[in-house]
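A short write-up of the structure that comes next.
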Amino acid sequence: MQLFQSGILKVFSSVFGRLQSIPHDDPGLTPERWCQAQPCRRIRIASRVMTISQPLSSLWVYFLGFFTIGASLYFFQIQNGDNSRLWWGISLLLWGIGALLAGTSYQAFGYQIKCAGRPVCRWTSWWEVVYLMFQQVSVNAMLVAVAYSCTAGTFQAVLLGYAWLSSLVYVILVFVGAIVPVKSLITFELMVWVSAPVLFFFFFLNGWRYFIFGNPMDLVLLGSWFMLVGTLAAYWIYGKQGIPKKLWARGIWFSENDVLHVLLIFWMVYTVAVVANRISDFPAHF
């Protein structure tokens, strides 16, 4: 029995440990260089000394994560039998958990997870892989919410089917990408590209509906999509312009992830303050 259990553990370790074989974009990134490329702070927890990466960035992303989870609970509280509010709550709950997972590996405990005790730092971790799954499924849960608010009949059924199928396919692809491993399948960029058609569809659907019906709910949702796409554009432009490296050369740390998280906090405030109480199931708002 003990030999059997040992064999199973070795198989699992071998399969799930393949993720570590993906080379870092910077193959010479050692633990020492990790803390030269970003701010680090050593803290003592009981008898153990730990290195925290990007302390201020960690605060931003953890705040976003917990705030988003709080927003999801608010949607559940005001659900009042509406499927749209229920699925907004599910979407934000997944989004918030994903933010906490991402912040743990990309920011706060990145050094401990990817570098500590290793000659060269790892490129990614299972924390980040699971975050990608949560984030993409969150977007599809939002599609379900919008489908319940803005569509009916066959069209609604098609959107619900797409959301479920897309989530399943993406999760399988990411899992395969982490097991084999295939680096291109487990990137943030791919997750954004997979989400992009859903966001464009939101623009088209709510833009068309507002043009035809002039419904305030569609205008509110359009504002949400503009803020979300604007946030992603700011993240991309800020990074492409090399601003984080220029600031860090002057001892100032404010990365493209900080831009993303701070703007998402504003988006979340808008979602709670403006969107939450103005959505309802179709056709209750007509």
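The values are calculated or read from the model by the stated rules, or taken from the named source; none is laboratory data. It should be emphasised that the depicted structure is a prediction, and the values quoted were computed from it without experimental measurement. Positions of Cβ are backbone-derived with ideal geometry, glycine not excepted, and every protein chain shown enters the neighbour counts.
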- Query: Would segment 43-53 turn up any residue that is in a helix (DSSP H, G or I) and either buried (at least 22 other Cβ atoms within 10 Å of the Cβ) or modelled with pLDDT of 95 or more (or both)?
  - Reply: no
- Query: For ARG209, which of the numbered conditions (1) part of a helix (DSSP H, G or I); (2) under 20 Å from the mean Cα position of the chain (by Cα) fails to hold?
  - Reply: (2)
- Within segment 1-38, count every residue that is over 24 Å from the mean Cα position of the chain (by Cα), among the charged types (D, E, K, R) and modelled with pLDDT of 85 or more. 2
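Does TYR235 qualify as being within 18 Å of ILE279 (Cα to Cα), buried (at least 17 other Cβ atoms within 10 Å of the Cβ), of a type in the set (Phe, Trp, Tyr) and at pLDDT 95 or above?
Values: within 18 Å of ILE279 (Cα to Cα): no; buried (at least 17 other Cβ atoms within 10 Å of the Cβ): yes; of a type in the set (Phe, Trp, Tyr): yes; at pLDDT 95 or above: yes.
It is false that TYR235 is within 18 Å of ILE279 (Cα to Cα), buried (at least 17 other Cβ atoms within 10 Å of the Cβ), of a type in the set (Phe, Trp, Tyr) and at pLDDT 95 or above.
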- Of the residues that make up segment 145-157, is at least one within 28 Å of THR104 (Cα to Cα), in contact (Cβ under 8 Å) with a residue 40 or more places away in the chain and not aromatic (Phe, Trp, Tyr)? no
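In segment 228-286, which residue that is aromatic (Phe, Trp, Tyr) and part of a loop (DSSP other than H, G, I, E, B) is nearest to PHE76 (Cα to Cα)? Break it down into steps so the answer makes sense when it comes.
Let us first name the residues in segment 228-286 that are aromatic (Phe, Trp, Tyr), namely 235-236, 238, 248, 253-254, 266-267, 270, 282, 286.
After this cut, where a residue has to be part of a loop (DSSP other than H, G, I, E, B) as well, the list is 253-254, 282, 286.
Values: TRP253: 37, PHE254: 34, PHE282: 18, PHE286: 23 Å.
Within segment 228-286, the match that is nearest to PHE76 (Cα to Cα) is PHE282.
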